[in-house]
Every structure is written in C-alpha cells, then in structure tokens.
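Worksheet: the structure to be examined is printed underneath.
The values are calculated or read from the model by the stated rules, or taken from the named source; none is laboratory data. What you see is a predicted model, and the numbers here were worked out from it, not measured in a lab. Quick reminder, even Gly has a Cβ in these numbers, built from the backbone with ideal geometry, and neighbours come from all protein chains shown.
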Amino acid sequence: MNISFTPAAEKFIRRLIKFDGGPGYGLRLMVSPGGCSGLSAEFGVQAAPGEGEKAFEFGDLKLFLPAQSRLLLDGVVIDFAETPTSSGFVFIDPKKKNCGCSTIDMTAPESATA
C-alpha cells in the first residue's frame, strides 16, 4: 500500500490511539469520494480490523482500511490541518488535478445585452 503521512498526521493518529485505545490498537480509516478536496473521511480507534478490512503497518502506525479506502488512498499523502474554525485530515493526491471549484474563469466574455 503506497500511503505516506506528514508529521502532523502521524502526531494526530498517535494521539488518537493513545487516548482512545492503547498498545496494539490502530486507526480505522474509511474514505469516500466527496467534497471539493475530493475525499472525505470517517475514522475511529479499534483493537483489530473489522470485517472486510485489511491491516497495514506504517512504522509504528496501524491502519485498518476497507476495500474502497484502499483504492482511493493509493499514492496519497495524508496530512492533518488545524485552523481556528476546523480540523481534520487533508488528502494530497499528486495524480489528481485541482478541483477548480473556487476559481473564476476571467477570460470568458460577459454576455452583451441589447
């Protein structure tokens, strides 16, 4: 599985596991298409993978991923961002183009009225 983590994401995952689980626990990460960034996530700390999930180890981090999440996360860098108004995982996929939903095409001519 080709996933990498930023230091911020690793720190966040370790804190979740420390406070919500314990030794041997991992993070269940369920990713689905959605939102402007392309992916949305649900996650929780578990002792073992659930039915249909596979366990992956990244150094000392364990991830439990369902099949759809494995497909969507292949080649992705997982980051964690925290702002005054929100916090959460950010998925950086070098294969995808930017969404463009917040850009305006300034070259399009305005329609003329007679």
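List the strands (runs of 3 or more DSSP E) that sit entirely inside the stretch 1-61 and contain at least 1 residues that are in contact (Cβ under 8 Å) with a residue 60 or more places away in the chain and in contact with a Pro (Cβ under 9 Å, 6 or more places away or on another chain).
In the stretch 1-61, the matching strands (runs of 3 or more DSSP E) lie at 26-33.
Being in contact with a Gly (Cβ under 9 Å, 6 or more places away or on another chain) and surrounded by 11 or more Cβ atoms within 10 Å (Cβ to Cβ) is the filter here; which residues of the stretch 48-71 pass it?
Ala48, Pro49, Ala55, Phe56, Leu61, Lys62, Leu63, Phe64, Pro66, listed by residue number.
Could you list, in sequence order, all residues of the stretch 4-17 that are farther than 17 Å from Ala81 by Cβ and either under 12 Å from the mean Cα position of the chain (by Cα) or among the small types (Gly, Ala, Ser) (or both)? Step through it out loud before you land on a result.
Looking only at the stretch 4-17, we keep the residues that are farther than 17 Å from Ala81 by Cβ, and these are 17.
Correct list: empty.
Mind listing just one residue for me: the one in the stretch 70-114 that is of a type in the set (Lys, Arg) and assigned to a loop (DSSP other than H, G, I, E, B) and, of those, modelled with the highest pLDDT?
Among those residues, the one meeting the criterion is Lys95.
Quickly run through the stretch 9-28 and pick out the residues that are out of contact with any helix residue (DSSP H, G or I) (no Cβ under 6 Å at 6 or more places or on another chain) and surrounded by 13 or more Cβ atoms within 10 Å (Cβ to Cβ).
Ala9, Glu10, Phe12, Ile13, Arg14, Leu16, Ile17, Gly21, Gly26, Arg28
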